[in-house]
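**Q** Below is one structure. I have some questions about it.
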Amino acid sequence: MRRSAVSIPTNIAEGFRRYHNKEYKQFLYIALGSCAGLETQIIIANELDYINETIKIEIIEKIKYIFE
């Protein structure tokens, strides 16, 4: 989960420093993929009772806010 969470802003920042918009978009798509991975891991953590439903909902709402 940490790797996915760190990957999101890292890819956004790396893409921002690219010279072409096409490259920047590619890094945004990679960050979006990391968001999907993190969301999946949060759902699994909830199903395994590592986190409760309230925490799961709060985190998923924050993830969705990033790319809306």
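Every number in this text was worked out from the coordinates using simple rules, so none of it is lab data. What you see is a predicted model, and the numbers here were worked out from it, not measured in a lab. Counting neighbours? That spans all protein chains shown, and the Cβs are built from the backbone with ideal geometry, glycine included.
**Q** Please compute the contact order of segment 2-66 in relative form: average sequence separation of alpha-carbon pairs under 8 Å and at least six residues apart, divided by the residue count, as a percent.
**A** With pairs under 8 Å counted, the relative contact order is 28 percent.
**Q** What are the lysines whose alpha-carbon lies under 23 Å from the alpha-carbon of residue 56, with same-chain residues fewer than 8 places away excluded?
**A** Once the sequence-local lysines are set aside, what remains near residue 56 is 64.
**Q** Using a 7 Å offset from the Cα along the Cα-to-Cβ direction at both residue 1 and residue 62, what is the distance between the two label points in nm, to one decimal?
**A** 1.0 nm
**Q** To continue, here is another question. If you take the beta carbon distance between residue 14 and residue 48 as r and set R0 to 35 Å, what does 1/(1 + (r/R0)^6) give as a FRET efficiency, to the nearest 0.05?
**A** The pair residue 14/residue 48 has a calculated efficiency of 0.65.
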